[in-house]
Amino acid sequence: MRIGVLTGGGDCPGLNAVIRAVVRKGVATYGHEFVGFRDGWRGPLEGQTKPLGIAEVRGILPRGGTILGSSRTNPFKIDGGVEKIKENLASLGVDALVAIGGEDTLGVATKLDELGVKVVGVPKTIDNDLNATDYTFGFDTAVNIAMEAIDRLHTTAESHHRTLVVEVMGRHAGWIALHAGLAGGANVILLPERQFDVEQVAQYVEKRFQHQYAPIVVVAEGAQPLDGQMVLHNQELDAFGHVRLGGIGQWLAEQLEAKTGKEARTVVLGHIQRGGTPTAFDRVLSTRFGLQAIDAVHEGDFGKMMALRGTDIVRVPLKEGTGELKTVPLERYTEAEVFFGS
Ligand code: F6P
């Protein structure tokens, strides 16, 4: 079989580990051939490929990013996009695809599967907001990076008796904020799932100062204060048509400084959370997803997404993983609230 592999959406530590596992098992165990598609769905859309064999995947396990490149191209938003993909797959002799991506990339895979393209999906996102899998790879790495930053910020906050507001990624789901906040001992955690009352956050901050400690506030980039406390922060589209978020951390620090009279600073972790080498957990998860994905292709079990359930890697219909995002349930937030302000 000749199998195409692509990576779409925001990059994520562990993408290369998936590619490596797919190719290594695909070649060594099954004798398949591979073709790499460049930059997500843009590759099959424009027929842009790169060689993908054992030599190309050697040494990439610990490397962040993706050797195939990525983009947020959606062929369903382009006139004749789907037909073009089908033509290119036929002319390149590609029998099946392994698509590695998040909500958008796998959403495209789901629709292509319904249109007869042979495809399997591997879920990736640092946000951990894909349904049907307990975890996505990249999340553990992002959380560890944010946790380390929080650990470091505790000591500088203490030295200067300042509030430190740490803005982490997460537009629609606050998994990174919740886990990094819990692991790093944050004093307040704010998520997109639940609007926050800035007056209450200020009270938590004051309480922490009363205990002679400096507060760390972790805020997800998509978190919002109660209606009326602030007009929606910067949500313009950038030159590429993506929603630009960010800015909530800065706004919050200014508010907290004004309300508590204590100096506040903001740290926006941004793309640092997505860069660099994956943790051991993410390398193992990516590798196991890759091995399961090539098994699915080899067995002709298309239209499936790889998923982690407990400690098992299983295959679920692509549709189950996309459509609705997995957000943080209220009980997980309530659990964390015990630590707020103390
Ligand atoms: O989906 C991954 C993610 O890193 C989100 O957490 C973040 O909101 C978004 O991508 C940022 O996208 P971009 O890299 O296009 O700015």
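The values are calculated or read from the model by the stated rules, or taken from the named source; none is laboratory data. Keep in mind it's a predicted model, so treat the numbers as computed, not measured. Positions of Cβ are generated from backbone atoms using ideal geometry, with glycine treated the same way; all protein chains shown enter the neighbour counts. Just so you know, the surface numbers come from the protein's heavy atoms only, side chains and all, with ligands and any DNA or RNA stripped out. Shrake-Rupley method; radii C 1.70, N 1.55, O 1.52, S 1.80 Å.
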Original post:
Restricting the search to the stretch 89-119, which residues are assigned to a helix (DSSP H, G or I) and of a type in the set (A, V, I, L, M, F, W, C)?
Top reply: LEU89, ALA90, LEU106, VAL108, ALA109, LEU112
Subject >> Which numbered condition ASP79 fails, given (1) more than 13 Å from GLY47 (Cβ to Cβ); (2) in contact with a helix residue (DSSP H, G or I) (Cβ under 9 Å, 6 or more places away or on another chain); (3) surrounded by fewer than 18 Cβ atoms within 10 Å (Cβ to Cβ) >> reply: (2)
**OP:** Run down GLY247, GLY303 and say which single residue is of a type in the set (Gly, Ala, Ser), more than 27 Å from ILE60 (Cβ to Cβ) and surrounded by fewer than 18 Cβ atoms within 10 Å (Cβ to Cβ).
**Re:** GLY247
**OP:** Would you please name the residue that is farthest from ARG171 (Cα to Cα), looking only at residues in the stretch 311-325 that are open to solvent by 40 Å² or more (accessible area, probe 1.4 Å) and in contact with an Asp or Glu (Cβ under 7 Å, 6 or more places away or on another chain)?
**Re:** ARG315
Original post:
Does at least one position in the stretch 262-272 carry a residue that is basic (Lys, Arg), open to solvent by 40 Å² or more (accessible area, probe 1.4 Å) and within 20 Å of the chain's Cα centre (by Cα)?
Top reply: no
**OP:** Given the conditions (1) within 24 Å of the chain's Cα centre (by Cα); (2) on the phi < 0 side of the Ramachandran plot; (3) touching a residue at least 24 places away in the same chain (Cβ under 8 Å); (4) more than 16 Å from the ligand (Cβ to nearest atom), report the number of the one that PHE209 does not fulfil.
**Re:** (1)
**OP:** For the stretch 82-111, enumerate the residues that are in contact (Cβ under 8 Å) with a residue 60 or more places away in the chain and surrounded by fewer than 18 Cβ atoms within 10 Å (Cβ to Cβ).
**Re:** LEU92, GLY93, ASP95
Original post:
So, of the residues in the stretch 53-66 that are closer than 14 Å to ILE100 by Cβ and in contact with a helix residue (DSSP H, G or I) (Cβ under 6 Å, 6 or more places away or on another chain), which turns out to be surrounded by the most Cβ atoms within 10 Å (Cβ to Cβ)?
Top reply: THR66
Original post:
Which number in (1) touching a residue at least 60 places away in the same chain (Cβ under 8 Å); (2) more than 15 Å from the ligand (Cβ to nearest atom); (3) open to solvent by 20 Å² or more (accessible area, probe 1.4 Å) marks the one condition that VAL120 misses?
Top reply: (3)
Original post:
So which helices (runs of 4 or more DSSP H) are wholly in the stretch 1-62 and hold at least 2 residues that are hydrophobic (A, V, I, L, M, F, W, C) and touching a Ser or Thr at 6+ places or on another chain (Cβ under 6 Å)?
Top reply: 15-28
Original post:
PRO192 passes all but one of (1) part of a loop (DSSP other than H, G, I, E, B); (2) open to solvent by less than 40 Å² (accessible area, probe 1.4 Å); (3) more than 16 Å from the ligand (Cβ to nearest atom); which number fails?
Top reply: (3)
